[in-house]
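A quick write-up on the structure given underneath.
What follows is calculated from the coordinates using simple rules that are stated; it is not laboratory data. Model, not experiment: these values are computed from the prediction. With ideal geometry, Cβ positions are generated from the backbone for all residues, glycine too; neighbour counts draw on all protein chains shown.
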Amino acid sequence: MNNFEKAFQEAHSRVDFSGTVLVQEGNGEAASASFGYANRAEQSKNNLGTRFGIASGCKLFTAIAICQLVEQGKLTFTTRLKDCLDIEFPNFSDEITIHHLLTHTSGVPDYFDEDVMDDFEELWIKRPMYQIRSLKDFLPMFQNEQMKFTPGETFHYNNAGYILLGLIVEQASGMEFTAYVEEYIFKKAGMMDSGYFSFDALPSDTALGYIDLPDGSWKTNIYSLPVKGGSDGGAYVTVEDMSKLWKALLGQLLLKEETLNRLLTPHAQEDEINFYGYGVWIKKQDDDIFKYHVMGYDPGVSFHSAYYPADKTIAVVCSNKSSGAYDILETIEETLQVKA
C-alpha cells in the first residue's frame, strides 16, 4: 500500500490538500493519510479521527431513511407529496411523488438554484444563517415559488427536494430528522463519531471549514452555511465512519436486498455515463457499474466517497477546504488502475 501513501503525498503537494483520506481494498488492505489543520489558529492537525462536514454527501442518509420507512409500510415510492406532508405548497404539482424527490426529477423550485446563483453565501443576506436550525426554517425560501418543470420530465439536481424528503421522514417517523438518522442509520452502522452538529456547539475533534481568500488570508465558513445541517446536507463524519456506512448499506444491515437494489438502480440520467439512484450517483463504464459515489461541496467543504464493485474497494476523501477532494479521488482511481 506504499503506492497509495506516495500518491497521496504527490497529490497533496499539487493541490495543497487539507483533510483525511482512507482507502480500504476488498482484499482487506487499507491506506490512510491526513494533511493540514482541523483548526488553523490552534494548529491542531487533521487525523484519522477528525470529523468533517460532508455537505451534500449525506443525501444518501436521507434516501436510506426514506427507504427504511417504505420497508415499514409507512410510505411507498409512489406516495404523492401532497398525501404524506401536511404543508401547503400552493404552486406545486399534485403529481410529485417520493420517487421524483429522491431522483431530482420532481421539478420543485430550489432554494439554491445553481442556474441563477453562483455564491451560496448570497442566501443569508436577507435570512441570517443562524436562524436556520430545522428543516421547516428552509420552507419560506421555496414554498411559494413556481415549479421548474413537470414531475418526471428531466433530471435537475435539487436541494429543496431533499429538504421535503427530510420533512416527510419527520412526519412519518414522529422524530426530528437528524435524531432519526443518528438512531437508525449511524448507530446501526456503528458510526459512533458522526452526527449533525451545530456550528455554535461543535464537539471535540471536529474540523473547521476554511475558505481561502484571493489575498492569501482565510476565514472559516461559520457565516456561510446554515448553523445546523439537515436532510440535504451538513452532517459530520470521520473517514472510518463513512467506510462503515458503505459496509452496513451493502451488507444489508440498513436495508433489505430488494430495497437496496432499488436504491442502487440508475433511475435518472445526467449524461452518457453518469446516473442517479436514490441519494447516490452511479457511474457506468461499458454498461457495467464503475462506481457508486457521493459527493459534497460547500464553502469550506469538499467531499467524495465511492464504492468500486469490481474489486469491492471503498474510498473516502474528506476535506475542510472548498476544493481538493476530487483531485485526491482521481489519484486513488489512478493508483487502483480503475480509472474510467
Could I have the simple spin-label model distance between Asn3 and Asp86, label points 7 Å from Cα toward Cβ, reported in nm to one decimal? 5.8 nm
Shape category assigned to the range 227-340 from the gyration tensor of Cα positions, a/c cut at 1.5: rounded
Where does each of Val239, Val227 land when they are ranked from fewest to most other beta-carbon atoms within 10 angstrom? Val227, Val239
By Cβ neighbour count within 10 Å, fewest first, Lys219, Lys74, Lys291 rank Lys219, Lys74, Lys291
Could you work out [θ]222 nm for the chain from helices alone, using -39500 (n - 2.57) per DSSP H run of at least four and dividing by all its residues? Round to the nearest 500 deg cm²/dmol. -7500 deg cm²/dmol
Distance violations [Cα-Cα > 27 Å] among Lys59/Lys283; Lys59/Lys312; Lys59/Lys247; Lys136/Lys284: Lys136/Lys284
How long is the gain from Asn274 to Glu330 if the chain were fully straight, where each residue apart is worth 0.36 nm and the alpha carbon distance is subtracted? 18.6 nm
On average over all directions, what projected area in square nanometres does the chain have, based on the convex hull of its Cα atoms? 16.6 nm²
Give the aspartates and glutamates reachable from Lys244 as a straight Cα distance under 19 Å; neighbours fewer than 8 places away on the same chain don't count. Glu25, Glu29, Glu182, Glu183, Asp193, Asp205, Glu257, Asp311
Residue-wise, which Karplus ³J(HN,Hα) couplings in Hz belong to the range 299-306, taking 6.51 cos²θ - 1.76 cosθ + 1.60, θ = phi - 60°, and x for glycine or proline? x, x, 9, 9, 8, 9, 8, 9
Which of Arg262, Arg40, Arg51 comes first, and how do the rest follow, when ranked by fewest Cβ neighbours within 10 Å? Arg40, Arg262, Arg51
